[in-house]
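Here is the structure we will look at, set down as C-alpha cells.
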Amino acid sequence: MEFAANFVFYAIKAVLFGVLAYAGIILGKKYRDKKDLNQSK
C-alpha cells in the first residue's frame, strides 16, 4: 500500500512540474514576442 501512495504522490508532483514547465514556456514565448514587437517599431 505504501508503494501505491508514493507512486500517486510522485505522479502528482510530475504532473505539477509538467504544468509549471508548460506555463513557463508559453509565458516566456508571449513575453519574448511582446519584447520583439516593441523593438521592431
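The values are calculated or read from the model by the stated rules, or taken from the named source; none is laboratory data. Source: prediction; values computed, not measured. Using ideal geometry, Cβ is built from the backbone for each residue, glycine included, and neighbour counts are taken over all protein chains shown.
Listed residues LEU16, LEU37; which is surrounded by 10 or more Cβ atoms within 10 Å (Cβ to Cβ), part of a helix (DSSP H, G or I) and free of Cβ contacts under 8 Å to residues at least 60 places away in the same chain? Spell out how you get there, then give the answer.
Details: LEU37 fails: surrounded by 10 or more Cβ atoms within 10 Å (Cβ to Cβ).
Answer to the check: LEU16.
At pLDDT 95 or above and part of a helix (DSSP H, G or I), is that true of ALA5? Full working, then the answer.
Values: at pLDDT 95 or above: no; part of a helix (DSSP H, G or I): yes.
So ALA5 does not fit the description; no.
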